[in-house]
Amino acid sequence: MKIGFLFPGQGSQSIGMGQDLYEKYETVKKVYEKVKEITGIDIAQITFNGEEEILNQTKNTQLAILTMSLAILAVLQENGIQAKMSAGLSLGEYSALINSQALDFEEGIKLVQKRGEYMQELVPEGEWLMAAIMGMSEEQVQEVCQKVTKGFVVPANFNTTGQIAISGEKEAVEQAEILAKDLGAKKVRVLKTAGPFHTEKLIKASEALRNELEQVTIHDFKTAVVKNIDGEIYSNQDDVKDILAKHIVSPVRFSKSLKTMLDAGIDIFIEIGPGRTLSGFVKRLDTDKEVTILNVNNVETLEKVLEEIGHGDVDNVPSLSN
């Protein structure tokens, strides 16, 4: 059996996430302290004791989710749990790149700090919204967006079978919600994000991040990472800096990323970080393959994974069918 790690992105945050892990595991605490040392930001204070409005600011959200994911990852690694392959949703790709050692820990933290700042500060004026449409195909969601007359909206995240997120101007997204429901969508859910992410509207943020990326060293991949931008596995010949700059303005092909992992033989998926969104994406994939889906977002779920897969022993992990 082959383990694959999944790292969540923006929208999965909540006040108090990771606090029980921080209080129990010295390894987790050290990661938070290291991030504070690197950035000058007390992300533990913001995450555990701050206000939701502050945590939901993109510059804080991205750093908070990245820190929690890397802290959990450190505990898993201490216990010998490694992955053959990993993928992350949007921001989560940085966790995957740090895990693969293509990005150095410190440089990765600094890069995400800048990424969050740019994606918050270099957003065009206006009201922006993202929403997930459930129960429609890619073609149907494209059709919905094309029918909108009240402004800019496009598909942004192709998450899994029957779930696609749209991004754009608030009024346009709200019109798309009505149109989608009229055309048979099962549900439309507004996301906890603060900008027209993964659209052309963030071109200034993309250009600013490109300048930051020029200061970063990209190393050879120690483990495989699947790209959001096309759902394929990174190669050591890829221009990672160019891909990460385009990442901000390009749709996320996460459904294809998951299928790539399945095709590569991954049959144990472990979601590392707040929420269980990515676990749900795996469950909804259109596949006949049997997989095990685990997630780690608190002490209880971490201990469950350590018990079931301790020191990389996956022989007795139960499978379940999608």
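Within the stretch 76-89, at least one residue is charged (D, E, K, R), touching a Lys or Arg at 6+ places or on another chain (Cβ under 9 Å) and touching a residue at least 24 places away in the same chain (Cβ under 8 Å).
Suppose we filter the stretch 114-151 for residues that are among the acidic types (Asp, Glu), surrounded by 15 or more Cβ atoms within 10 Å (Cβ to Cβ) and in a loop (DSSP other than H, G, I, E, B); how many remain? Walk me through how you get there before you give the answer.
The first filter runs over the stretch 114-151 and keeps only residues among the acidic types (Asp, Glu), leaving 117, 121, 125, 127, 138-139, 143.
Now drop any that are not surrounded by 15 or more Cβ atoms within 10 Å (Cβ to Cβ), which leaves 117.
Cutting the leftovers down to in a loop (DSSP other than H, G, I, E, B) gives us none.
The number of residues fulfilling the criteria is 0.
What residue, among those in the stretch 205-232 that are closer than 20 Å to residue 83 by Cβ and surrounded by fewer than 14 Cβ atoms within 10 Å (Cβ to Cβ), is farthest from the chain's Cα centre (by Cα)? The extreme case among them is 220.
Taking the criterion of being among the charged types (D, E, K, R) and under 22 Å from residue 126 (Cα atoms), would at least one residue in the stretch 243-262 satisfy it?
Of the stretch 243-262, the ones among the charged types (D, E, K, R) are 246, 253, 256, 259.
Checking the rest, the ones that are also under 22 Å from residue 126 (Cα atoms) come to none.
Taking every residue of the stretch 243-262 in turn, none turns out to be among the charged types (D, E, K, R) and under 22 Å from residue 126 (Cα atoms).
Exactly one residue among 269, 197, 221, 254 is aromatic (Phe, Trp, Tyr) and touching a helix residue (DSSP H, G or I) at 6+ places or on another chain (Cβ under 6 Å), and that residue is 269. Only residues that are within 30 Å of residue 178 (Cβ to Cβ) and in contact with a strand residue (DSSP E or B) (Cβ under 6 Å, 6 or more places away or on another chain) were counted in the stretch 198-228, giving 3.
Residue-level check: of (1) in the same structural domain as residue 72 (by TED's automatic domain parsing); (2) within 28 Å of residue 55 (Cβ to Cβ); (3) among the charged types (D, E, K, R); (4) surrounded by 15 or more Cβ atoms within 10 Å (Cβ to Cβ), residue 259 misses just (2). Of all residues in the stretch 271-294, those satisfying the criterion of being of a type in the set (Val, Ile, Thr) and assigned to a helix (DSSP H, G or I) are 277, 282. Applying the set (1) within 21 Å of the chain's Cα centre (by Cα); (2) closer than 26 Å to residue 286 by Cβ; (3) surrounded by 20 or more Cβ atoms within 10 Å (Cβ to Cβ); (4) modelled with pLDDT of 95 or more to residue 185 leaves exactly one unmet item: (1).
Name the residue, out of 204, 192, that is among the charged types (D, E, K, R) and at pLDDT 95 or above. It would help to see each step written out before you state the result.
On the way: 192 fails: at pLDDT 95 or above.
The conditions single out 204.
Specify which of the listed residues (58, 67) is closer than 19 Å to residue 275 by Cα, crowded, with 16+ Cβ neighbours inside 10 Å, free of Cβ contacts under 8 Å to residues at least 60 places away in the same chain and in contact with a Phe, Trp or Tyr (Cβ under 9 Å, 6 or more places away or on another chain). Going through 58, 67 in turn, the sole match is 67. Only a single item in (1) surrounded by 14 or more Cβ atoms within 10 Å (Cβ to Cβ); (2) assigned by TED's automatic domain parsing to the domain that holds residue 118; (3) in contact (Cβ under 8 Å) with a residue 12 or more places away in the chain is not met by residue 238, and it is number (3). Restricting the search to helices (runs of 4 or more DSSP H) fully inside the stretch 1-111 and requiring at least 3 residues that are of a type outside the set (Asp, Glu) and modelled with pLDDT of 95 or more gives 19-24, 26-39, 43-49, 58-78, 92-99.
A single entry from 173, 154 fulfils the requirement of being touching a residue at least 24 places away in the same chain (Cβ under 8 Å), buried (at least 18 other Cβ atoms within 10 Å of the Cβ) and either in the same structural domain as residue 309 (by TED's automatic domain parsing) or in contact with a Leu (Cβ under 8 Å, 6 or more places away or on another chain) (or both): 173.
The values are calculated or read from the model by the stated rules, or taken from the named source; none is laboratory data. Small disclaimer: the values here were computed from a predicted structure and weren't measured. Don't worry about glycine lacking a Cβ; one is built from the backbone with ideal geometry, like all the others, and counts go over all protein chains shown.
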